[in-house]
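Enquirer: The structure follows.
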Amino acid sequence: MKTQVVIVGGGPAGLLLGQLLHRAGIASLLLERRSGDYVLGRIRAGVLEPGTVDVLEHAGVADRLRTEGLTHDGVEIGYRGTRHRIALKELTGKHVTVYGQTEVTRDLMAARAASGAPSVYEAEDVTLADIGGTPRVTYRHGGKLHEVQCDFIAGCDGFHGVSRRSVPADALSVFERTYPFGWLGVLADFAPLWRELIYAASDRGFALASMRSETRVRCYIQCDLNDSLEEWTEPRFWEEFGRRVGSDIAARIPSVPALEKSIAPLRSFVAEPLRFGKLFLAGDAAHIVPPTGAKGLNLAVSDVFYLYEGLRSFYRGNSASGLDHYSARCLRRIWHSERFSWWMTRQLHQFPGDAFDGRIQQAEVEYLLESRAAQAVLAENYVGLPL
Ligand code: FAS
Ligand code: PHB
């Protein structure tokens, strides 16, 4: 089989790239290791930057987002028992949209099915070959081995995918920071007891109050990396969550079962460059941010938009310049998001260790809550820097 672009990975990055390429008349084959249901079952991001919404509009997949997405003009920072609003809209003229990654993925899956562009789910043993020359991709499906020749490969297969691992180790520079805690997340069906997201920094640890709709909440607490889901029963989670976000909320949390409960480690990670020959990495395949800045999905979207623009100008005008500048263009935006996500994580979580860092953290948060200029810096980064 031959095609123009093989897309490895059917998460939001791979699906969005496939949709943008299809609308530009560029053929792609999408290979996803898991089933569609499995991909939809992963509960992840919840906040979309306005730039992300624009790209989804451009891709023709924003109808449901326009009607069901929640517009948020601010976020709250909880600190030592009080909550302070960061007025995103007033400070930047922009708002964010709360619309779960699962729904973005669902909309993109529906669009791909409607486009008729080929996708293979449960594609096993995807292997990339000759990525510096004439790329070939092999995979197993239905017990048979398949081979595809293509012009380009888009590695959209996430942090644990095969694409980044297909680049010779000496051709990549890796930058990484791990954090000594994780996030325990719970999805539950009750009306949010908060109007806007609350990022709460307490002496007991961080907590985040988010939502998916007017009837469904998504909440997180900082937890130890060795914690197990079994020891975090729902009553224990909600009791701890309430102690961290505030007694006014704690007193009103209903006793409802979790629809989903998971623990995710936090990591800052960037692999440079994002291009190796005819292979282009995009999204979590190239970088990871701690979710404190709500950047992961949004960064995947900007990578994909830049790659789509590069491929479109290659196929339309035979100009390789977009592809040649892809990695540098992505990395500038990636590092600004890495910085913001690291800063938000550093300031709002309880870190073990030296007293000096603890005082600096206190000074950072106090300054943030007192200074309109500091709040404008947070707001500009939270709504997302220009694409
Ligand atoms: P994804 O990981 O979503 O998709 C990659 C796809 O490739 C997967 O479907 C995988 O099955 C497939 N794949 C992997 N290996 C393959 C192979 N060898 N062959 C074929 N397919 C293969 N971001 C936020 O903004 N806010 C959050 O709250 C947030 N929470 C997160 C929680 C967790 C547990 C994780 C892991 C991430 C979270 N993120 C969050 C970040 C997340 O939203 C990612 O940024 C987003 O999923 C990136 O999308 P993709 O790059 O498409 O990668
Ligand atoms: C979420 O709703 O899952 C969410 C929102 C904002 C974040 C992280 C996660 O920073």
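The values are calculated or read from the model by the stated rules, or taken from the named source; none is laboratory data. Keep in mind that what you see is a predicted model, and the values were worked out from it rather than measured. A quick note on method: Cβ atoms are made from the backbone with ideal geometry, for glycine too, and the neighbour counts reach across all protein chains shown. Accessible surface areas use protein heavy atoms only, side chains included; no ligands, DNA or RNA. Shrake-Rupley method; radii C 1.70, N 1.55, O 1.52, S 1.80 Å.
Enquirer: Comparing HIS287, HIS146, HIS84, which has the greatest mean-square fluctuation in the GNM of the chain with Cα pairs linked when under 10 Å apart?
Expert: Comparing HIS287, HIS146, HIS84 in the GNM, the peak value goes to HIS146.
Enquirer: Give a residue-ordered list of calculated ³J(HN,Hα) values for region 154-159 (Karplus: 6.51 cos²θ - 1.76 cosθ + 1.60, θ = phi - 60°; whole Hz; x for Gly, Pro).
Expert: Working through the residues one at a time gives 9, x, 10, 9, x, 4 Hz.
Enquirer: What's the angle, to the nearest 10 degrees (0 to 90), between helix 12-23's Cα axis and the longest principal axis of the chain?
Expert: Here the helix axis deviates by roughly 50 degrees.
Enquirer: Roughly how much of ASP324 is accessible, in Å² to the nearest 10, using a 1.4 Å probe?
Expert: So the heavy atoms of ASP324 present about 100 Å² to solvent.
Enquirer: While we're on this one: Keeping every protein chain in place, order HIS325, HIS336 by accessible area at 1.4 Å, biggest value first, i.e. largest first.
Expert: HIS325, HIS336
Enquirer: Residue by residue through region 284-300, which ³J(HN,Hα) values in whole Hz follow from phi under the Karplus form 6.51 cos²θ - 1.76 cosθ + 1.60 (θ = phi - 60°), with glycine and proline marked x?
Expert: With coefficients 6.51, -1.76 and 1.60, one gets 5, 5, 10, 7, 9, 10, x, x, 4, x, 6, 10, x, 5, 5, 5, 4 Hz.
Enquirer: How much length is gained if the chain between GLU239 and ASP227 is pulled fully straight, taking 0.36 nm per residue apart and subtracting their Cα-Cα distance, in nm to one decimal?
Expert: Between GLU239 and ASP227, full extension yields 2.7 nm more.
Enquirer: Let me ask something else. With the crude spin-label approximation of a point 7 Å out along Cα→Cβ, what separation in nm comes out for PHE159 versus LEU172?
Expert: 1.3 nm
Enquirer: Which semi-axes, in whole Å and largest first, does the equivalent ellipsoid of region 122-217 have when worked out from the alpha carbon gyration tensor as the square roots of 5 times its eigenvalues?
Expert: Numbers: eigenvalues 346, 85, 27 Å².
Taking √(5λ) for each Cα gyration eigenvalue gives 42, 21, 12 Å.
Enquirer: Could you put LYS144, LYS2, LYS278 in order of accessible surface area, largest first, with the 1.4 Å probe and the full protein assembly present?
Expert: Sorted by accessible area, descending: LYS2, LYS144, LYS278.
Enquirer: Can I ask one more? Rg over Rh of region 210-344, using C-alpha atoms and the Kirkwood radius, what does it come to?
Expert: Dividing the radius of gyration by the Kirkwood radius yields 1.13.
Enquirer: Same structure, new question: So which lysines pass the test for LYS2, namely a Cα distance under 18 Å, with those fewer than 8 places away in the same chain ruled out?
Expert: Once the sequence-local lysines are set aside, what remains near LYS2 is LYS144, LYS278.
Enquirer: Ratio of alpha-carbon Rg to the 2.2 N^0.38 Å globular estimate for the chain, to two decimals, please.
Expert: Taking N as the residue count of the chain, the ratio is 1.00.
Enquirer: With each label point set 7 Å from Cα along the Cα-Cβ vector, what nm distance links SER247 and PHE351?
Expert: Result: 3.1 nm between the two label points.
Enquirer: Once you sort the root eigenvalues of the Cα gyration tensor of region 282-387 as a ≥ b ≥ c, which label holds: rounded (a/c under 1.5), prolate (a/b larger than b/c) or oblate (the other case)?
Expert: Taking the square roots of the gyration eigenvalues as a ≥ b ≥ c, region 282-387 is prolate.
Enquirer: Keeping every protein chain present and rolling a 1.4 Å probe, give me the accessible area per residue for the chain in Å².
Expert: Dividing the accessible area of the chain by its residue count gives 43 Å².
Enquirer: Across bins of 10 angstrom width beginning at 0, how are the C-alpha pair distances of region 15-105 distributed, in whole percent?
Expert: In order of increasing distance, the bins hold 14, 35, 32, 14, 5, 1 percent.
Enquirer: For the chain, find the longest principal axis of its Cα atoms and tell me its angle to the long axis of helix 355-370, 0 to 90°, nearest 10.
Expert: On a 0 to 90 degree scale, this one is about 90.
Enquirer: If a/c stays under 1.5 just call it rounded; otherwise compare a/b with b/c (prolate if a/b is bigger, oblate if not). Do that for region 182-226, with a ≥ b ≥ c from the square roots of the Cα gyration tensor eigenvalues. Each step should come with its number before you reach the end.
Expert: Details: a/c = 3.42, a/b = 1.67, b/c = 2.05.
Here region 182-226 falls in the oblate category.
Enquirer: In addition: Between the helical axis of 372-383 and the dominant principal axis of the chain, each derived from Cα atoms, what acute angle in degrees is found, rounded to the nearest 10?
Expert: Relative to the chain, helix 372-383 is tipped by roughly 40 degrees.
Enquirer: How much length, in nm to one decimal, is gained on full extension between ALA110 and THR134, taken as 0.36 nm per residue of separation minus their Cα-Cα distance?
Expert: Numbers: separation 24, 0.36 × 24 = 8.64 nm, distance 3.13 nm.
Working it through step by step, the gained length comes to 5.5 nm.
Enquirer: Find which of PHE356, ALA286, TRP342 sits farthest along the positive direction of the dipole of region 258-368, computed with +1 on the beta-carbon of Lys and Arg, -1 on that of Asp and Glu, about the Cα centre.
Expert: ALA286
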